[in-house]
Amino acid sequence: MLLTSNNCTFIHIGLLSYFRVMSVRKLNYMFLAMVFVFFAGCRARHAATSPSKGVIRKKMLVAAEIKSIQVAAMPRYGKDGEAWDAYAPLATDPDPFVRIMWNESVIYQSETKDNQPHGNPVFFEKSLPQKLVPFDQSLIIELFDEDGISANDNMGYVSFNPAEYHGKEEVLLSQGELLISLTMTWYYE
Ligand SMILES: [Ca+2]
Ligand SMILES: [Ca+2]
């Protein structure tokens, strides 16, 4: 059976009459019931999302990973004021490599880049990306000039506690003329 517009009007008027005859008291009860249901719903949602015992759960740093290592600047001369390979017959420029130490342990060592002229940045790729373990203690990043027969020359070092830089994609570390730029990935849980 189709509802004509007259029928609709009739139903409409009927509903209005129904509400009109409900006592004010009944409407008040209805209103209170609706308010109660509304707040009960809010409390339930609040309880579901709130941490228990008021402890705020923060995301914790669980790992730090080096994506890239760039030595942006390195000392021009050794301690004796001479070129790093002053005694080499042909090439006096250094052959840098990077080593990362924790306590007495080597936790990373890069490849060696031969004969790097002063003023040019040096990029290292070996074994990258590399997770740092530990990531919340002070590490030492050292730069060496590899020398064949004699001991390698230490060109400088910086200390680095990864956790202190968490969230930063680029970390710049410097000490004297040495400037190291790391790009990092941070992992949270
Ligand atoms: Ca040397
Ligand atoms: Ca050398």
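The values are calculated or read from the model by the stated rules, or taken from the named source; none is laboratory data. Note that the structure is predicted; figures quoted are calculated from it, not measured. In this analysis, Cβ positions are derived from the backbone assuming ideal geometry, glycine residues included, and neighbour counts consider all displayed protein chains.
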Test: residue in segment 82-97 that is more than 13 Å from ligand 2 (Cβ to nearest atom) and over 23 Å from residue 62 (Cα atoms): no
Selection from segment 130-164 of residues that are farther than 24 Å from residue 114 by Cα, among the hydroxyl-bearing types (Ser, Thr, Tyr) and in contact with a Phe, Trp or Tyr (Cβ under 9 Å, 6 or more places away or on another chain): 138
Of residues in segment 63-88 being of a type in the set (Gly, Ala, Ser) and surrounded by 13 or more Cβ atoms within 10 Å (Cβ to Cβ), the one farthest from ligand 1 (Cβ to nearest atom): 63
Options 94, 117; residue that is of a type outside the set (Asp, Glu), assigned to a loop (DSSP other than H, G, I, E, B) and more than 12 Å from ligand 1 (Cβ to nearest atom): 117
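Given the residues 105, 138, 150, 127, which is the only one that is modelled with pLDDT under 95 and out of contact with any Gly (no Cβ under 7 Å at 6 or more places or on another chain)?
On the way: 105 fails: modelled with pLDDT under 95; 138 fails: modelled with pLDDT under 95; 127 fails: modelled with pLDDT under 95.
From the options 105, 138, 150, 127, the qualifying one is 150.
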Lone unmet requirement of (1) among the basic types (Lys, Arg); (2) surrounded by fewer than 14 Cβ atoms within 10 Å (Cβ to Cβ); (3) not in a loop (DSSP other than H, G, I, E, B) for residue 99: (2)
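Of the residues 160, 135, which is touching a Pro at 6+ places or on another chain (Cβ under 8 Å), under 24 Å from residue 61 (Cβ atoms) and among the aromatic types (Phe, Trp, Tyr)?
Numbers: 160 fails: touching a Pro at 6+ places or on another chain (Cβ under 8 Å).
Exactly one of 160, 135 is touching a Pro at 6+ places or on another chain (Cβ under 8 Å), under 24 Å from residue 61 (Cβ atoms) and among the aromatic types (Phe, Trp, Tyr), namely 135.
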